[in-house]
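Coordinate-derived values only; no laboratory data. Since the model is a prediction, treat every value here as computed from it, not as a measurement. Note: ideal-geometry Cβ built from the backbone for every residue, glycine included; neighbour counts use all protein chains shown.
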Amino acid sequence: HLHLTEMDIGYFNSNCHVQPPLRSERDRDGLRAALARGTLGAICSDHQPHDADAKLAPFCDTEPGISALETFLPLTLRLADDGILPLPDLVARLTCQPADILGIDAGRLGVGDRADVCIFDAGQHWSVDSTQLLSRGRNTPFDGWELQGKVTHTLLDGRLVYGA
């Protein structure tokens, strides 16, 4: 919703079928402004992968959702590049602020904290290829998009759970 509008649906591209539905450019810009003002304190991927069959029916009959894990961080970095919010503020919207909203002890790096860490190469350029996504579902409206920034490693409680 921070990157797409109803115009991206085109000829009923089922990979753009999300809930709530995509809206106008004005609505997208309103969400971005709310993020910049601090009204929106968190950003989430709402990762909803689906098997290919779930997206093959007529638009209204398909399952809503996007396979978003691999594109989430680079799309968020794009918000910094677009001048919506400085990078440290965006990182907070992905980490400590959602944890605070949910009342959980997470999202921070410090002595004694869980080492849940996402390491990324902010300069890596790559093209989204839905056939190469690691998620079980490969439904993405960002297929073919050129993005910058890619996760290289993920640590969960100090253990490596992903390494590119």
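Taking other residues whose beta carbon is less than 12 angstrom from the beta carbon of Asp129, and scoring Lys, Arg as +1 and Asp, Glu as -1, yields -2. Model label points for Ala34 and His1, set 7 angstrom from Cα along the Cα-to-Cβ axis, are 0.6 nm apart. Using the Cβ of Asn139 as centre and a radius below 13 Å, the other residues enclosed give a net charge of -3, where K and R count +1 and D and E count -1.
Count neighbours as other Cβ atoms within 10 Å of each site's Cβ, and list the chymotrypsin sites (Phe, Trp or Tyr not before Pro) in segment 1-75 that are DSSP loop with at most 12 such neighbours. Here the chymotrypsin sites (Phe, Trp or Tyr not before Pro) that fit, given the DSSP loop and packing criteria, are Tyr11, Phe12.
Restrict the search to segment 57-164; then list the trypsin sites (Lys or Arg not before Pro) that DSSP places in a loop and that have at most 16 other Cβ atoms within 10 Å of their Cβ. Filter output for segment 57-164: Arg108, Arg114, Arg136.
Efficiency by 1/(1 + (r/R0)^6): what FRET value for Leu87 and Asp157, r their Cβ-Cβ distance, R0 = 41 Å, to the nearest 0.05? So the FRET efficiency works out to roughly 0.95.
For segment 6-163, the Cα gyration tensor yields ellipsoid semi-axes of 27, 20, 15 Å (square root of five times each eigenvalue, largest first, whole Å).
Multiplying the residue separation of Arg23 and His47 by 0.36 nm and subtracting their alpha-carbon distance yields 6.7 nm.
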